[in-house]
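*Asks:* Take a look at this one; I'll ask things after.
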Amino acid sequence: MRPELVAKYRHQRVPRYTSYPASPHFTDAVTADTYRDWLAAADPRSALSLYLHLPFCKSMCWYCGCHTTVVRHEDPIWAYLAALSTELRTVAGLLPEGPVVRHVHFGGGTPTLLPVEGFRAMMAELRTRFCIASDAEIAIEIDPRTLTPEMVEALGDVGITRASLGVQSFDAEVQAAINRIQPFEMTQNAVTQLRAAGIQGINLDLIYGLPRQTVASCVETVRQAVSLKPDRLSIFGYAHMPNFKNHQARIDTETLPDADERVAQLRAMEMAVLASGYVRIGMDHFARPDDDIAIAAEKGTLRRNFQGYTTDAADMLLAFGASAIGKLPQGYVANILALPAYLKAIEADGLATARGYRMSLDDKLRATVIEALMCRFDVDLAKVAAAFDTPHEAIMPDARAIADLAGDGVAHLSGTRLIVPDAARPLVRSVAALFDRHLDPEGGRHSKAI
Ligand code: SF4
């Protein structure tokens, strides 16, 4: 990417667009009663996706941007599992008969930190409460540092099909700077064990822009990561926002790469991954060409949800646990963030809705345009608008803004078709922001575009 573009866009703060509108725009106008109504109105033919948030970790990584808590013993985890069980029962009881679950995702936190018997019981409860398709994808996020052979055995037994392993960087100096010591052999061992347990889908998550990271260490991390032959790789940029995540203040800002260095790291990692036979998926994912997600990208059916890029085309994403966010045809539903308040709400009411967002027709239209841009980098505005019985002029961005992006080579308009060239993919969020009616020009809680 040209240096002048880096200089121009590096201070812009834009949402990651895993949802539109982004979650800071949710309000308390959506309540547990709203959620009850939306669940009861579900189409019995709906395909469901379930997300379960397990917010526990053994220690805190300084770069972490997740909602999680460090636990020293199991009591809080058991209390949480009991609440999750109540929430699952409540939601399943409100749905009509018929919807089938096509995807399940356990995120965190560290889902594999659960007591093994607790994890097995949770999976059994899920299968009792919901109709899970025999070919459903059941994915779990894994921290190799705390993965035990007993948990690997349980993952295989309950039918986990995909594991996402957090790696970030294999460089020892970087690992020390982020409080995450995880030698290559530890990750290698976890991958070997998971494959032996029958879990064939392996994702590795890498990060650039971490303290003490260099282009050379980023490329070496990619080399080691691809030697494990993962099916998918993701490469995220570290977002340093210590005002919102206090533990990030433990990172010495003097050791963080600047915007030019971040771009150089990203480019070097992308080139190393592509040269290893992977294809690019969306903005920040890579996959083997024969992987489902690569085929979906090729066919134009790739989707984007709170977990990032996905093949999951479910009509409803039902989310469970503290801070979890679900999506229904009517809009978004977000649970209470703080653990004690979540437990209390579930005990009192069976649901823990804190906020949400009811989508208008205009929101749905803009969400479709933004998802198309984020997934395909090419959207015909007239076609999308027509599907919503709306003239495309209603969503056409300001001509000067388009001309500005075109002048930078970041996007160009051909008739009503808006296209983001390959070289500008890292800036696609800035193009998507053109359609964001809720965008806060100050950026609020969003991360930098680069
Ligand atoms: S293991 Fe993951 S969720 Fe837990 S603190 Fe580290 S980065 Fe955050």
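*Asks:* Consider Val167 against the criteria (1) within 16 Å of the ligand (Cβ to nearest atom); (2) farther than 19 Å from Ile207 by Cβ; (3) β-branched (Val, Ile, Thr): it satisfies all of them except one. Which criterion is unmet?
*Replies:* (2)
*Asks:* Among the residues of the range 68-84, which ones are more than 30 Å from Val167 (Cβ to Cβ), surrounded by fewer than 19 Cβ atoms within 10 Å (Cβ to Cβ) and either small (Gly, Ala, Ser) or near the ligand (Cβ under 9 Å from one of its atoms) (or both)? Explain how you work it out, then say what you get.
*Replies:* Our first condition is that a residue be more than 30 Å from Val167 (Cβ to Cβ); within the range 68-84, this holds for 75, 79, 82-83.
Still in the list and also surrounded by fewer than 19 Cβ atoms within 10 Å (Cβ to Cβ): 75, 79, 82.
Result: Ala79, Ala82.
*Asks:* Still on this structure, please answer the following. If we keep just the residues of the range 14-34 that are more than 22 Å from the chain's Cα centre (by Cα) and not aliphatic (A, V, I, L, M), which is farthest from Gly282 (Cα to Cα)?
*Replies:* Initially, the range 14-34 is screened for residues more than 22 Å from the chain's Cα centre (by Cα), giving 28-34.
Applying the additional criterion that residues be not aliphatic (A, V, I, L, M) yields 28, 31, 33-34.
On the way: Asp28: 32, Thr31: 34, Asp33: 36, Thr34: 33 Å.
So the residue we want is Asp33.
*Asks:* With the requirement that a residue be away from the ligand (no atom under 16 Å from the Cβ) and over 23 Å from Val100 (Cβ atoms), what does the range 124-164 give you? If you could, list the steps in order and put the result at the bottom.
*Replies:* Going through the range 124-164, the residues away from the ligand (no atom under 16 Å from the Cβ) turn out to be 124-138, 149-150, 152-162.
Once the filter is applied, which keeps residues that are away from the ligand (no atom under 16 Å from the Cβ) and over 23 Å from Val100 (Cβ atoms), the range 124-164 yields Pro149, Glu150, Val152, Glu153, Ala154, Gly156.
*Asks:* Then there's this: Can you tell me which residue among Ser217, Ser227 is out of contact with any His (no Cβ under 8 Å at 6 or more places or on another chain) and over 30 Å from Ala296 (Cβ atoms)? Don't jump to the end; show me each part of the working.
*Replies:* On the way: Ser227 fails: over 30 Å from Ala296 (Cβ atoms).
Testing whether each residue is out of contact with any His (no Cβ under 8 Å at 6 or more places or on another chain) and over 30 Å from Ala296 (Cβ atoms) leaves just Ser217.
*Asks:* Report the residue count in the range 285-302 for those that are in a helix (DSSP H, G or I) and free of Cβ contacts under 8 Å to residues at least 12 places away in the same chain. Explain how you work it out, then say what you get.
*Replies:* Here is the first cut: in the range 285-302, the residues in a helix (DSSP H, G or I) are 292-299.
From what is left, the residues that are free of Cβ contacts under 8 Å to residues at least 12 places away in the same chain are 295, 298-299.
Of the residues in the range 285-302, 3 are in a helix (DSSP H, G or I) and free of Cβ contacts under 8 Å to residues at least 12 places away in the same chain.
*Asks:* In addition: State whether the residues of the range 426-444 include one that is of a type in the set (S, T, N, Q), over 25 Å from Ala313 (Cβ atoms), at pLDDT 90 or above and open to solvent by less than 50 Å² (accessible area, probe 1.4 Å). Walk me through how you get there before you give the answer.
*Replies:* Quick first cut of the range 426-444, residues of a type in the set (S, T, N, Q) only: 430.
Keeping just the survivors that are over 25 Å from Ala313 (Cβ atoms) gives 430.
After this cut, where a residue has to be at pLDDT 90 or above as well, the list is 430.
Next, only the ones that are open to solvent by less than 50 Å² (accessible area, probe 1.4 Å) stay: 430.
Yes, the range 426-444 contains a residue that is of a type in the set (S, T, N, Q), over 25 Å from Ala313 (Cβ atoms), at pLDDT 90 or above and open to solvent by less than 50 Å² (accessible area, probe 1.4 Å).
*Asks:* Which numbered condition trips up Pro15, out of (1) of a type outside the set (S, T, N, Q); (2) without any contact (Cβ under 8 Å) to a residue 60 or more places away in the chain; (3) surrounded by 17 or more Cβ atoms within 10 Å (Cβ to Cβ); (4) more than 16 Å from the ligand (Cβ to nearest atom)?
*Replies:* All conditions are met except number (2).
*Asks:* Scanning the range 35-67 for residues that are closer than 26 Å to Ala121 by Cα and open to solvent by 30 Å² or more (accessible area, probe 1.4 Å), which turns out farthest from the ligand (Cβ to nearest atom)?
*Replies:* Arg36
*Asks:* Here's another thing I want to ask about it. Given the residues Ile132, Ile140, which is the only one that is touching a Pro at 6+ places or on another chain (Cβ under 6 Å), in a strand (DSSP E or B) and buried (at least 18 other Cβ atoms within 10 Å of the Cβ)?
*Replies:* Ile140
*Asks:* Take the range 100-118 and flag every residue that is within 16 Å of Ala79 (Cα to Cα) and open to solvent by 30 Å² or more (accessible area, probe 1.4 Å).
*Replies:* Leu113, Val116, Glu117 - these are the residues of the range 100-118 that are within 16 Å of Ala79 (Cα to Cα) and open to solvent by 30 Å² or more (accessible area, probe 1.4 Å).
*Asks:* Further question: Considering each residue of the range 345-386, count those that are over 27 Å from the mean Cα position of the chain (by Cα) and either open to solvent by 60 Å² or more (accessible area, probe 1.4 Å) or free of Cβ contacts under 8 Å to residues at least 12 places away in the same chain (or both), and give that number.
*Replies:* So the answer is 5.
*Asks:* Of everything in the range 297-325, what is acidic (Asp, Glu) and open to solvent by less than 30 Å² (accessible area, probe 1.4 Å)? Give them in sequence order.
*Replies:* Asp312, the sole residue that qualifies.
*Asks:* Additional query: Just name the residue that is nearest to the chain's Cα centre (by Cα) out of those in the range 35-58 that are under 21 Å from His73 (Cα atoms) and in a loop (DSSP other than H, G, I, E, B).
*Replies:* Pro55
*Asks:* Moving on. Scan the range 222-269 residue by residue and report those that are part of a helix (DSSP H, G or I) and buried (at least 20 other Cβ atoms within 10 Å of the Cβ). First the steps, then the outcome.
*Replies:* First pass over the range 222-269, keeping only residues part of a helix (DSSP H, G or I): 222-227, 246-250, 253-255, 259-269.
Across the range 222-269, the qualifying residues are Val222, Ala225, Gln248, Arg262, Val263, Gln265, Leu266, Met269.
The values are calculated or read from the model by the stated rules, or taken from the named source; none is laboratory data. The structure presented is a predicted model; accordingly, all values stated were derived computationally and were not measured. Backbone-built Cβ (ideal geometry, glycine too); neighbour counts: all protein chains shown. Accessible surface areas use protein heavy atoms only, side chains included; no ligands, DNA or RNA. Shrake-Rupley method; radii C 1.70, N 1.55, O 1.52, S 1.80 Å.
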